[in-house]
1. Go ahead and set up a Gaussian network model of the chain, Cα springs under 10 Å, then flag whichever of 103, 301, 223 fluctuates most.
2. When semi-axes √(5λ) of the Cα gyration tensor in Å is calculated directly from the model, which label among (i) 32, 28, 17; (ii) 48, 23, 16; (iii) 33, 25, 17 fits?
3. For the stretch 200-293, compute Rg over Rh where Rg is the Cα radius of gyration and Rh is the Kirkwood radius from the inverse mean 1/r over Cα pairs.
4. Assuming 0.36 nm per residue, please report the length gained on full extension of the stretch residue 181 to residue 9 beyond their Cα-Cα distance.
5. Once the Cβ-Cβ distance between residue 139 and residue 277 is put in as r, and R0 is 45 Å, what FRET efficiency do you end up with, to the nearest 0.05?
6. Taking 35 Å as R0, compute the FRET efficiency from the Cβ-Cβ separation of residue 217 and residue 169 and round it to 0.05.
7. What percent do you get for the relative contact order of the chain when only Cα pairs under 8 Å and 6+ apart count?
8. Given axes a ≥ b ≥ c from the Cα gyration tensor, I'd like to know whether the stretch 267-349 is rounded (a/c under 1.5), prolate (a/b larger than b/c) or oblate.
């Protein structure tokens, strides 16, 4: 049975179209529709319920050593109040998940993981933790998470709070928004300026209402999963289960910057040695023929199968049909013309640079 976030009743009573996703019942869109919600985030601001995400706490004198062994990035010199993107690999170098690590204080870290992988990740981490000097706690059910995204968000948040992190991928743990205690992080999954607010689950509706009211004059609207997905694709942000899985390496996914091969060791490192230059890689495709390429469509170059799309849609702000694909390196050069098999009909596309969209630019 799917779970409900603390905001479920609000979504249902305000026109949210509810769908099952990652074990939760969540709004895919509101009456305004995906295109309006998407463009609101690009031009003004949108508010997302992302309370389905998982949050873990790892702490203790051996917490840092355990993170460095289990995760691909290096957290040795991570300052307090910083957030760092990382991957978690299996012994074969495939990706168990991608996540962010928040340094809350010395020897205490919060991990934010994908909702669909919460249980898997919890089991994986706990099975690979050292026996002493470190503890693990899943605090997901105690928190709500709200994402405030878009160019108008700094002024909206400033009307509600004096605890606003200034740097990208930084946070303030003891923040306060509209009189509600929050962790405030300058992060997001839309390619825009934005913040994510973590509060006690029983304060979620109050916080949501106050943020929406404060942002109304700036054009803030509630947004669902549909716009969240089109926004992240337009910004070429990878999604687990699409651009990543347990058989795709970080180098194939174009995420090598989050893998520190110079570390003494981490799970999957030995399998990744010598694979820094992969035989296939994640690329962008601009559809030049008639049609839209969704995920898992075969891609051909010169009549030869060279890979598959991983995500694809018509992107509302750029007004183009775009896709990401995992292609053989020989076909992955920008400017290469390929064909995507869309249910038996091959449509033309061209390999383009990623990201498709950068904040403030088309």
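1. Checking each option, the largest mean-square fluctuation is seen for 301.
2. Structure-derived value, by its label: (i).
3. With Rh from the inverse mean 1/r over Cα pairs, Rg/Rh is 1.14.
4. Length difference between fully extended and current span is 59.7 nm.
5. With a Förster radius of 45 Å, E is 0.70.
6. The formula returns an efficiency of 0.75 here.
7. About 18 percent, as a whole number.
8. It comes out prolate by the Cα gyration axes.
None of the figures in this text is laboratory data; all of them are computed from the coordinates on show. Predicted model only: the values in this text are computed from it and were never measured. No Cβ is skipped: glycine too gets one built from the backbone with ideal geometry, and neighbour counts run over all protein chains shown.
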